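S.K.: Quick one: structure below, then a few questions.
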Amino acid sequence: MVAVVERPSTAVPLPRARFNALVVAESPLRRQALVARLRLLGARDLIEAASAAEARVRASYSGTHDLVVVEGGLSDGPALPLLADLRAAGWRRVVLLTVRDDPYAVRAAISAAVRCYVVTPEPTAAAAAPALAHPRHRGGSPDELSAREVEVVQLVSEGRSNKEIGDALGLSALTVKSHLARIARKVGTGDRAEMVAHAMRSGLVH
C-alpha cells in the first residue's frame, strides 16, 4: 500500500476527539470494512453512500464535515468532479482509495486537493471485496485512464490526427486507434470532442 499526502504544513489535522465521516464506496462489504475501521479510529457519525450521486445528496449532512473517504472508479461518474463537489460542500479532508499509481493520476488528485492518496493492491481472484476490482472491469471513467491514454487525449485536445499523435509518441496510427477505442470504452463515448471534455472535467488535460 502506498500513500501520497500533502505537506504537513499545509494539511489540516483531523481532530483528536471523535469525528464525523462520509464513506463513499459501491460495494456494501467495502463500505462496512471502512466504517468498522473508522469507528475504531474514533468516528462518531458515519454517513454512507454507494454512488457519486448519493454522496452529493448526503454531503449536505448537518453535522461537522470532518473526513470523507472515497473509492475511485465509481460507476456513475469519475472521482475528481465528485471530490470538487464534496469540498464545496465543506468536506475538506479527503482520502482517495484507488488501484492507480501512475503520476498523472497522482498529479490530478493532488490538484483536486486530496489530502491522502492511497494505492490499494490489485485484487486476487479470491478477494472478498468486489469494490476493489480494477475500473476497466466496471465501466471505467476519465480519471481511470492510463498514463499513455492521457497523453493520447492531450494530443487529441490539440487537434492532432491519429498519424500526428503516433508520430509524436512513437506509435503507429493503428496503435493510436486502439488507444482511442479503449479510451472511448472508459469514458462512454467515441466522439473526440466529448472525450476531451470528459478528460478536462476530470482535470487530466488542460
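The values are calculated or read from the model by the stated rules, or taken from the named source; none is laboratory data. Worth saying up front: this structure is predicted, and the values here are computed from it rather than measured. Backbone-built Cβ (ideal geometry, glycine too); neighbour counts: all protein chains shown.
S.K.: Every residue in region 84-135 that is surrounded by 15 or more Cβ atoms within 10 Å (Cβ to Cβ) and at pLDDT below 50, please.
M.R.: Those that are surrounded by 15 or more Cβ atoms within 10 Å (Cβ to Cβ) and at pLDDT below 50: Pro123, Ala129, Ala131, Leu132, Ala133, Pro135.
S.K.: Would you mind finding the one in Ser202, Ser161 that is touching a Ser or Thr at 6+ places or on another chain (Cβ under 8 Å) and of a type in the set (S, T, N, Q)? Walk me through how you get there before you give the answer.
M.R.: On the way: Ser161 fails: touching a Ser or Thr at 6+ places or on another chain (Cβ under 8 Å).
Answer to the check: Ser202.
S.K.: Scan region 13-30 and tell me whether some residue there is over 19 Å from the mean Cα position of the chain (by Cα) and among the hydroxyl-bearing types (Ser, Thr, Tyr).
M.R.: No, the conditions are met nowhere in region 13-30.
S.K.: Sticking with this one: If I go through region 38-53 residue by residue, how many of them are modelled with pLDDT of 90 or more and either assigned to a loop (DSSP other than H, G, I, E, B) or closer than 17 Å to Ala88 by Cβ (or both)?
M.R.: 6
S.K.: Output the number of residues of region 147-199 satisfying the condition of being surrounded by 15 or more Cβ atoms within 10 Å (Cβ to Cβ) and modelled with pLDDT under 80.
M.R.: Of the residues in that region, 6 qualify.
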